[in-house]
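Student: Handing you a structure now.
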Amino acid sequence: MLSFPNIYKYTLILTIFTAALSHCSSTSPIQQSQNEEAFSSTAPSQPPVDPVIRRDGQTVYIEMTSQVTDIEISKGVIYNAWTFNGTSPGPVLRVKEGDTIVFTLKNKDMRMNHSMDMHAVHASPSSKFIDVMPGEEGTFTYPASNPGVFMYHCGSKPTLAHIANGMYGMIIVEPKAGYPSDHLVDRSYTLVQSEWYKEHDYNSFVNGEPEYVVFNGNTYTLKEHPLLAKVGDTVRIYVSNAGPNEVSSFHVVGTIMDRVYKDGNPRNIEYGIQTVMLPASGGAVVEFTVTEEGDYPIVTHQFKHVDKGASAVLRVTKDGKNHGGKTMAH
Ligand SMILES: [Cu+2]
């Protein structure tokens, strides 16, 4: 049986829970129906804009936009994407462990709310990851106290639609003392895996299969313009899986990963890895050496996703330059 103090405690918890719920669902029914209409319609494409990033000591000011921009996700296939700054993935952000981030989101989408959920920080979601209304801006401050490779994404409801429509990216929090292998690394690249579904089709996001699975937003750029390395180089890739629904079995054909830092934390080091499991939103720093000339496909080893686009090429040459010719992609 509940004693009086216990009843009091549970009532208090329920009250707090109810208050939190009402805070979360502050969207009016009118806003809701406007949103529903906006979810399935296309909007005029807004040109990409560069993020504004300024450092003052250990404080980093980051200003980004939420906006709608047409993106070519596969050759000749245009997606009316919801984006950060007009690209999908959004810009790669880099800060240092111990920095304070002062983040401003300018919502240029006049149809609906957007927001920013930074996986890289400790912050109260109900006050720091909140919706910014159409045409307005919001500024949020949080510490970047953990090193790693993190996802950021729009967290507005339904979050699935905001991620599936293109609102995600990578933020790297560089470790204060660097990685123990920094001195070995010759080149580094960033890769974000993600999925594209039937355009603006919420049912497809929930129940369907992705039409495309891609690295850095589309099916073709990293096949036509391969990543480059020189014979003997140690290559580092900062990799993140934005999902929203699928995992990534990240693999580089023709090599073994000498080191993997899970989620990019220098303390999470593993050696001799063939394939890295990245859950939806997971990240890693992977490092490997390339010993022979040739084209090395970079894939997720879930090969149905390779056939939907998730393949990039690392071209290894004697001098590290691209001398042309068609790439051997998977
Ligand atoms: Cu959004």
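Read-outs: derived from the displayed coordinates by stated rules, not from any lab. Predicted, not measured: the structure shown is a model, and the values here were computed from it. Reconstructed Cβ throughout: ideal geometry from the backbone, glycine too, with neighbour counts over all protein chains shown.
Student: Using a Gaussian network model on the chain with a 10 Å cutoff between Cα atoms, which of 92, 185, 239 fluctuates the most?
Tutor: Result: 185 has the largest fluctuation of those listed.
Student: Now for a different question. Please report the base-10 log of the normalised intensity I(q)/I(0) for the stretch 165-224, using a Debye sum with one equal scatterer per alpha carbon and no solvent, at each q in 0.19, 0.26 (1/Å).
Tutor: Here the Debye-derived log intensity ratios amount to -0.82, -1.13.
Student: I've got another one for you. Return the loop-located trypsin sites (Lys or Arg not before Pro) in the stretch 277-330 (DSSP other than H, G, I, E, B) with at most 10 other Cβ atoms within 10 Å of their own Cβ; answer none if there are none.
Tutor: Here the trypsin sites (Lys or Arg not before Pro) that fit, given the DSSP loop and packing criteria, are 318, 321, 326.
Student: Looking at this model, which pairs from 106/198; 96/230; 75/326; 230/262; 75/318; 128/176 are more than 19 angstrom apart at the alpha-carbon?
Tutor: Over 19 Å Cα-Cα: 106/198; 96/230; 230/262; 75/318; 128/176.
Student: Could you size up the charge dipole of the stretch 182-317 around its Cα centre, putting +1 on the beta carbon of Lys and Arg and -1 on that of Asp and Glu, and report it in debye to the nearest 20?
Tutor: With only Lys, Arg, Asp and Glu charged at Cβ, the dipole is about 180 debye.
Student: Specify whether the C-alpha gyration tensor of the stretch 27-144 places it in the rounded, prolate or oblate class, a ≥ b ≥ c being the square roots of the eigenvalues: rounded for a/c under 1.5, otherwise prolate if a/b is larger than b/c and oblate if not.
Tutor: oblate
Student: About the Cα centre of the chain, what is the dipole size in debye to 20, counting +1 per Lys and Arg Cβ and -1 per Asp and Glu Cβ, all else neutral?
Tutor: Once rounded to the nearest 20, the dipole reads 440 debye.
Student: I've got another one for you. Nothing charged except the Cβ atoms of Lys and Arg (+1) and of Asp and Glu (-1): what's the magnitude of the dipole of the stretch 52-174 about its Cα centre? Round to the nearest 20 debye.
Tutor: 80
Student: Let a ≥ b ≥ c be the square roots of the eigenvalues of the Cα gyration tensor of the stretch 237-313; is it rounded (a/c under 1.5), or, if not, prolate (a/b larger than b/c) or oblate?
Tutor: Oblate.
Student: Another question, then. With the cut-off at 1.5 for a/c, could you classify the chain from its C-alpha gyration tensor as rounded, prolate or oblate?
Tutor: Judged from the Cα gyration tensor, the chain comes out prolate (a/c at least 1.5, a/b above b/c).
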